[in-house]
Amino acid sequence: MILTQPQHYTFVSLHSDVNRRRFLATASVGASTLSGCLSMLPSLDSDTSLPKTPTGAWTQYGADGTNTFATNVSAPARGNLAWTSEAFTRWQPVVSDGTVYLTNFDPSNDGSAIALDARDGTERWRTTLNASGDHGTVVVDDRFVVAYDTELVALDPQTGDRIWTERTNGIDSTELLVADGATGTVLVASESGIEAFSAADGEKHWDIDTVRQLVRAPAVSDGRVFAVGNVDGAPSLVALSLADGSERWRRELTSTPGSAAPVATQEGVVVADDRTLVVHDEATGDRLRELHSFDESEDAIPKTVAVADGTVFVTTASGVVAVDIETGTERWRRDVPVSYVAGICVGTETVVLPIDDPEFASGKKTISAFDRESGELRWHYAFDPGFHHQVTSPPVLVDGAVFFTATHIDGLGALGDVPGRDS
């Protein structure tokens, strides 16, 4: 997975969470040896609080247990940089009740779980877990849950105190942890199967190995778990009982999706099957309809599938397309180079995603917001060109703010409706 091997750059690899602002202010003595690279960084010497504390939640990889990557909130009217954290991170955060939860897992860090004030980025608490590498995070049932190595840890969201710790079969990527808010069930997926735990006390409910080699988080809806993986060697979409892990139905797929997670919606379960967007009946698994097919080029492989109010939004390396979930009619498309980080955020009026080198910001990496109904550009935040700046995790949308991680800040950034900074 890409995020387990982040690129490291000499002048920003301050992995002991030192104050990057102090570093930039005192680094002028060595500026001549950096060939002007410091001038390419945005000004990080002063932070601005967001106009108000962001409301709404993005509690896990796909926003919630259904993997819709959609939330009933409004994106900020402008996408200017408000603040950056001093805590190193390159992993996707989760947000709930005005708090941003993140991790600084990396071989050169202390493997901590960290909580920040969502409005101004001040640190509320930090709990050292001494972990590194692939892991997942989720907020559920008044717990901040972190899965890493073969550990599943629940922390108090107010204090960071450890509530319980349980052993797991391991987790292979940050996209393989999912939780059901209605029942307080946490699912840990891996190459070897799926395990279900209680968020309240860590009790293991069940453990199955019939579905293997999952590449993205299962979706959870109405007491069922929808997982895409290999069953008896065949790529399959499988429905399991959330209560006990028993199989409800399975449907063989043409191939195992390499990136996009299944999405549970009222209209059915949406999967990308061999470059074709397909809707399956939630109760029976029957293949209801094919919505859209992508060409055979490498850039056309679906990365992320999001669904909101009857529209399916699909990102590929070469763009984003919005199609009607009932008819497959294309509503709009933008042919833009989407960042290698698979991710999209859908709000009530806006779709936000990282894109590279668009016409409106030539030669730059951006986080861009498009009108949900028309695909027209609303705003963009552009990184200064040069030095291989990259978004390192999918952006996260809550009401009035977009949170992201990137190499040019080596931490968490908050975009919002604040005045622009000089760069």
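The values are calculated or read from the model by the stated rules, or taken from the named source; none is laboratory data. None of these values were measured; they are calculated from a predicted model. All Cβ positions, glycine included, derive from the backbone under ideal geometry; neighbour counts span all protein chains shown. SASA here: full protein model, heavy atoms, side chains in, ligands and nucleic acids out. Shrake-Rupley method; radii C 1.70, N 1.55, O 1.52, S 1.80 Å.
Numerical summary
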read-out	value
CD proxy at 222 nm, helix term only [per DSSP H run n ≥ 4: -39500 (n - 2.57); per residue of the chain; nearest 500]	-500 deg cm²/dmol
Most to least packed among 302-309, 126-133, 413-420 [average Cβ atoms within 10 Å]	302-309, 413-420, 126-133
Choice from Pro218, Pro337, Pro395 with maximal GNM fluctuation in the chain (Cα, 10 Å cutoff)	Pro337
Euclidean distance of C-alpha centroids, the range 356-418 and the range 170-242, integer Å	31
Debye equation applied to the C-alpha atoms of the range 108-236, log10 I(q)/I(0) at 0.15, 0.18, 0.23 Å⁻¹	-0.69, -0.95, -1.39
Listed residues Val336, Val352, Val94, most fluctuating in the chain (Gaussian network, C-alpha, under 10 Å)	Val336
Semi-axis lengths, Å, the chain, gyration tensor of Cα atoms, sqrt of 5 times eigenvalues	33, 26, 19
For the chain: accessible area per residue (Å², 1.4 Å)	37
Alpha-carbon Debye profile of the range 255-353, log10 I(q)/I(0) at 0.12, 0.16, 0.20 Å⁻¹	-0.33, -0.61, -0.97
Kirkwood-based shape ratio for the range 167-216, expressed as Rg/Rh from alpha carbons	0.94
Cα-based reach from Lys364 at 28 Å (exclusive), listing lysines while leaving out same-chain residues under 8 positions away	Lys303
Most fluctuating residue given options Arg162, Arg372, Arg143, as computed from a GNM of the chain linking Cα atoms under 10 Å	Arg162
